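**Q** Questions regarding the structure given below will be posed in turn.
The values are calculated or read from the model by the stated rules, or taken from the named source; none is laboratory data. Model, not experiment: these values are computed from the prediction. In this analysis, Cβ positions are derived from the backbone assuming ideal geometry, glycine residues included, and neighbour counts consider all displayed protein chains. Only protein heavy atoms, including side chains, enter the accessible area calculation; ligands, DNA and RNA are left aside. Shrake-Rupley method; radii C 1.70, N 1.55, O 1.52, S 1.80 Å.
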Amino acid sequence: MRQSTVIVPLLCLLSAPATADWYEATGQAVIRGADRADARAEAVQDAVRKALLYSGASVRSVQQVTDGLLTQETLFLQTQGEVQNVQIISETEEHGYILVTIRADIFPDQKQCSNVRLKKLLMISPFQLSHPEQAITGQLYELGSSSTQLFIQKLQEFSHSSTSKLLPQSIRQTDLSYQDRQALQRQYGSPYLLRARLEDVSLGERVGTNWSFWSDAERERFYRLELELLDIQQQKQLFSQTYQTSAIWDFQDRTVISPHSQRFWRTGYGKSIDRVLNAAAQDIEEVLRCESVQTQVVLVDAERLMLNAGSAQGLKIGDELTVLYRRQHKDSTGQWQDQLTISDLKLKITELSHQSAWAEAVNAAYLANVQVGDLASPEPAKN
């Protein structure tokens, strides 16, 4: 599997306005046949999207990027003022990909999320093959596992809104019970759950006759990924999308190729999947960036509380939080649900480790009502 260049913010050494920052990023795209122009445009778009994500700007209109005027060195953009121009620094080709490094002059959106520096923990359920019999040709039974690994890798490369935790086993049930949701949140300290299914990895009809000794007639192979992002605490679907692609599968039916191997990811089929997972990871980053950050109270000690989040999530000494009481109640159907009540209790972070923090009560009179399992939000509380 390929490694993409990590985005690095540049010092503002160029003559840009004080409110703008320069960012450098490398994007990539698969070269299909001899069509390098389209691949170059896709790579530029990928790089600009990464730079926008790093800066905290919105990428809802990133599709407009390729509508700009592309010259040899500069792409002039018609966006909502977030990106003024993009300079192409370098362009290379490697293993069937085109890699383009750009510098983007970004004016952060004044409406960007107030909690963009804080990271949410994303629980990831291993991707599953819905129809394992479709993996017989090529013995691609581990395609779900390898897709999961590559997705997490891509999310880690450019995500500044989340950290990922791969669950030990896939969550298959459509509706999680209250007890299941509570158990997941207690164990991992997060309400955000991503699950995905590979609904189609089948082969199409043979499209020709290939008399090479190592290959049968070429066939199209499909890849359809159904992805869902949930807030299990609020029992709310945050995002749902189906991604589809296909490519020629030009191996003999008897050929075994591991989906964990470089050989697989250098095939046309592997490159097409790579592109799908790249798009999926960027979509999840965009959805999560403005979601709330809620830490759990795991210990109550005199006039301070221990929280299950720390510097890894972006918390800092001195950060202030609002406590939300979490109590159980039954809904109209008789099912147990969480009820969150915004309290008047304010906390201030006083001690910090990588995965936890101690916070002291600013107004200790309200501390008696806090229980283990209550939440604390670093952003302004909302109804």
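**Q** Over all Cα pairs of segment 241-383, how is the pair count split among 10 Å bins, expressed in % and running from 0 up to the last occupied bin?
**A** Histogramming segment 241-383 at 10 Å steps yields 10, 28, 19, 15, 15, 10, 2, 0 percent.
**Q** Oh, and also: Beyond 27 Å, what share of the Cα-Cα pairs of segment 116-269 is found? Please give it as a whole percent.
**A** Across segment 116-269, Cα pairs with separations above 27 Å total 33 percent.
**Q** For segment 251-311, what size does the Cα cloud have along each of its three principal axes, sorted from largest down, in whole Å?
**A** Extents along the principal axes: 68, 24, 18 Å.
**Q** Which value, to two decimals, describes the C-alpha radius of gyration of segment 129-194 once divided by 2.2 N^0.38 Å?
**A** Compactness ratio reported: 1.37.
**Q** How do 316-325, 122-131, 164-173 rank on mean C-beta neighbours within 10 Å, highest first? Show your work: numbers first, answer last.
**A** Values: 316-325: 16.8, 122-131: 19.2, 164-173: 12.5.
The packing order, highest mean first, is 122-131, 316-325, 164-173.
**Q** Another question, then. In 5 Å bins starting at zero, report the fraction of Cα pairs in segment 326-383 per bin as a rounded %.
**A** All Cα pairs, binned at 5 Å, distribute as 4, 14, 23, 23, 16, 10, 6, 4, 1 percent.
**Q** Right, another one. Can you list the equivalent-ellipsoid semi-axes of segment 183-326, largest first and in whole Å, using the square root of 5 times each Cα gyration tensor eigenvalue?
**A** One finds semi-axes of 47, 15, 13 Å for segment 183-326.
**Q** Now a separate question. How do 197-204, 146-153, 365-372 rank on mean C-beta neighbours within 10 Å, highest first?
**A** In decreasing order of mean packing, 197-204, 146-153, 365-372 become 146-153, 197-204, 365-372.
**Q** With each label point set 7 Å from Cα along the Cα-Cβ vector, what nm distance links LEU166 and SER130?
**A** Going from the LEU166 label point to the SER130 one covers 2.3 nm.
**Q** Given a Förster distance of 51 Å, report the FRET efficiency between ASP253 and GLN339 from their Cβ-Cβ distance, rounded to the nearest 0.05.
**A** Step by step, r from the Cβ atoms, then E = 0.35.
**Q** Could you report the accessible area of THR333 in Å², rounded to 10, computed with a 1.4 Å probe on the protein chains as they sit in the structure?
**A** In the full protein context, THR333 sits at about 100 Å².
**Q** Over all alpha-carbon pairs of segment 226-278, lay out the pair-distance distribution in 5 Å bins, whole %, shortest bin first.
**A** 4, 16, 19, 17, 12, 10, 9, 7, 4, 1
**Q** A further question on this structure: Label 7 Å along Cα→Cβ of GLN156; segment 191-206 residues with amide nitrogen under 20 Å?
**A** The answer is 192-196.
**Q** Near LYS165, which lysines are there with a Cα under 23 Å away, not counting those fewer than 8 places off in the same chain?
**A** LYS50, LYS119, LYS120, LYS154, LYS236, LYS316
**Q** Taking only the Cα atoms of segment 280-336, how large is their convex hull per residue, in Å³?
**A** Spelled out: Cα convex hull of segment 280-336, divided by residues, is 163 Å³.
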